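Written below as structure tokens is the structure these notes are about.
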Amino acid sequence: RTALMWHPCAASSALTNTTLLDLRGSQRLTDRGLMQLHDLGRLEVAKLDNCHSVVGRGLVVLSSSPRLHTLSLTNCRRLTDEAIVNISHLQSLQALSLDGCRCITDFSLAALADMYNLRKLGLSQCDLITNEGLKALEHLQRLQEISLGWCRQVSDAGIQTLTAQPGRSSNLQILRLARCPITDEGVQYL
């Protein structure tokens, strides 16, 4: 396995054998910087947590990564729905963390609807996600873990939506709902 930690000179070199790209905490990294990366065909894991200047267009470089199975974008606070659309065709993706990406909306969930191999989805602190948006996840039958903690617009109706989807209850192993406005009614759906 080859790993690359962020180094300005390394960004422009060929990355044909890189399997892990760890740029966590690169707060000055922008979409423009990401667009300079090339030859990510063997990339399996990308960690871009806390890259506060990444908005979305730069994630299109991951489209050349057919082996990418884990993508962490935790606390990329300016990340937009456009970013999610840019990665939505990555069929090999199994784990996606969007925790703390406060600008993404239900539109992003609709973009994820065809990511059939997704097993782990982090949406904690995504304040714009609603009960209605959770309906888009019905096609993700392989989901084993969903994190929705601190999603203030996810309530009892959202829990009912998640658990009522055919085949979902047999695969779902972890459902994180910390600080969601769930009542006794919502608990009955679990």
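The values are calculated or read from the model by the stated rules, or taken from the named source; none is laboratory data. Keep in mind it's a predicted model, so treat the numbers as computed, not measured. Glycine also receives a Cβ, built like all others from the backbone with ideal geometry; neighbour counts cover every protein chain displayed.
Yes or no: the range 43-50 includes at least one residue that is assigned to a loop (DSSP other than H, G, I, E, B), crowded, with 17+ Cβ neighbours inside 10 Å, at pLDDT 90 or above and over 16 Å from the mean Cα position of the chain (by Cα). Yes - at least one qualifying residue is present in the range 43-50.
Among the residues of the range 116-136, the ones that are over 25 Å from HIS52 (Cα atoms) and either at pLDDT 95 or above or not aromatic (Phe, Trp, Tyr) (or both) come to 7 in all. Could you list, in sequence order, the residues of the range 60-71 that are surrounded by 20 or more Cβ atoms within 10 Å (Cβ to Cβ) and at pLDDT 95 or above? Listed by number, the residues that qualify are LEU68, LEU71. Residues that are touching a helix residue (DSSP H, G or I) at 6+ places or on another chain (Cβ under 7 Å) and surrounded by 21 or more Cβ atoms within 10 Å (Cβ to Cβ) within the range 147-168 comprise VAL154, GLY158, ILE159, LEU162, listed in sequence order.
Among the residues of the range 80-104, the ones that are at pLDDT 95 or above and over 19 Å from ASP49 (Cα atoms) come to 1 in all. Assess whether SER155 counts as being without any contact (Cβ under 8 Å) to a residue 60 or more places away in the chain and either farther than 22 Å from GLN188 by Cβ or in contact with a strand residue (DSSP E or B) (Cβ under 6 Å, 6 or more places away or on another chain) (or both). The answer is no for SER155.
Residues to consider are LEU175, LEU140; find the one that is buried (at least 18 other Cβ atoms within 10 Å of the Cβ), in contact (Cβ under 8 Å) with a residue 24 or more places away in the chain and under 25 Å from ILE87 (Cβ atoms).
Values: LEU175 fails: buried (at least 18 other Cβ atoms within 10 Å of the Cβ).
So the residue among LEU175, LEU140 that is buried (at least 18 other Cβ atoms within 10 Å of the Cβ), in contact (Cβ under 8 Å) with a residue 24 or more places away in the chain and under 25 Å from ILE87 (Cβ atoms) is LEU140.
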